[in-house]
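To start, the structure under review is shown below, and the notes come after it.
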Amino acid sequence: MYRTFGKRLLDLALTIPALILFAPLFALLALLVRVKLGCPVLFRQQRPGLHGRPFTLFKFRTMTDARDAQGNLMPDDERLTPFGRVLRSTSIDELPEMFNVLKGEMSLVGPRPLMIKYLDRYTPEQMRRHEVKPGITGWAQVNGRNDISWEGKFALDVWYVDHQSLWLDLKIIAMTPWRILKREGISRQGYATAPEFMGTTEHHEVSSQYLGARAA
């Protein structure tokens, strides 16, 4: 019952008041992004949603459009400004995703929506992360974020798919502000965020004992 109706009700019950409460913050952030990074204020990108169906993700822009002599975009770490790093480290850049939640494309809690090009790189087990709507925060985000391997992150995502419940969602929502304040796992060492997922080329296993410890 919760997975069918309750989760959507929880999303709306928390998202609608939050959008009203944070409206002044949205306006201030939009102005700051416009002044410091220019237009567009919002970053829009197609991401895979439930069952891999694409939708347009909204985030505050954190990078410039700097390009090399050939017109190609520079690497992320060269386009990410100090202001953009603050937005990312505090996850403030993800606030516009609440509009995706309001539209029913995302949930407050679920696996993070990644790049569409990754769809062909998942193993069948990893692909199961798309059996639920993607989320603003998720089980992998409160258990390491970008500081764990892709395989570990996907294993946590699939664990969430199999164990989602009202209690677990409330626990993840409650854990999220603390994880953000600790500012752990913001990026993988040597990367602006995380390296590109190129597919699982060797056997990686996250033991049930590890997952169980995370759930405790």
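The values are calculated or read from the model by the stated rules, or taken from the named source; none is laboratory data. Please read these numbers as outputs of a predicted model, since none were measured by experiment. Cβ coordinates were reconstructed from backbone atoms using ideal geometry, including for glycine residues, and neighbour counts include every protein chain displayed. Side chains are part of the model used for accessible areas, which takes the heavy atoms of the whole protein and leaves out ligands, DNA and RNA. Shrake-Rupley method; radii C 1.70, N 1.55, O 1.52, S 1.80 Å.
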Determine whether the stretch 68-86 contains at least one residue that is at negative phi and under 14 Å from the mean Cα position of the chain (by Cα).
no
So is M175 part of a helix (DSSP H, G or I) and modelled with pLDDT of 95 or more or not?
no
Would the stretch 131-138 turn up any residue that is out of contact with any helix residue (DSSP H, G or I) (no Cβ under 7 Å at 6 or more places or on another chain) and under 28 Å from A66 (Cα atoms)?
no
Over the stretch 14-32, the set of residues open to solvent by 60 Å² or more (accessible area, probe 1.4 Å) and either basic (K, R) or free of Cβ contacts under 8 Å to residues at least 12 places away in the same chain (or both) is P17, I20, L21, P24, A27, L28, L31
For the condition among the hydroxyl-bearing types (S, T, Y), more than 14 Å from the chain's Cα centre (by Cα) and open to solvent by less than 50 Å² (accessible area, probe 1.4 Å), what is the one hit in T56, T62?
T62
For the stretch 33-53, what are the residues that are in a helix (DSSP H, G or I) and at pLDDT below 95?
V33, R34, V35, K36, L37
Return the residues of the stretch 109-122 that are touching a residue at least 24 places away in the same chain (Cβ under 8 Å) and surrounded by fewer than 24 Cβ atoms within 10 Å (Cβ to Cβ); say none if nothing qualifies.
R112, L114, M115, I116, Y118, L119, R121, Y122
Looking at (1) under 10 Å from the mean Cα position of the chain (by Cα); (2) surrounded by fewer than 23 Cβ atoms within 10 Å (Cβ to Cβ), which one does E125 not meet, given that it meets all the others?
(1)
For the subset of the stretch 57-92 comprising residues that are without any contact (Cβ under 8 Å) to a residue 40 or more places away in the chain and of a type in the set (S, T, Y), which member is nearest to R112 (Cα to Cα)?
T62
Do you know which residues across the stretch 1-36 are closer than 17 Å to V86 by Cβ and touching a helix residue (DSSP H, G or I) at 6+ places or on another chain (Cβ under 7 Å)?
L29, K36
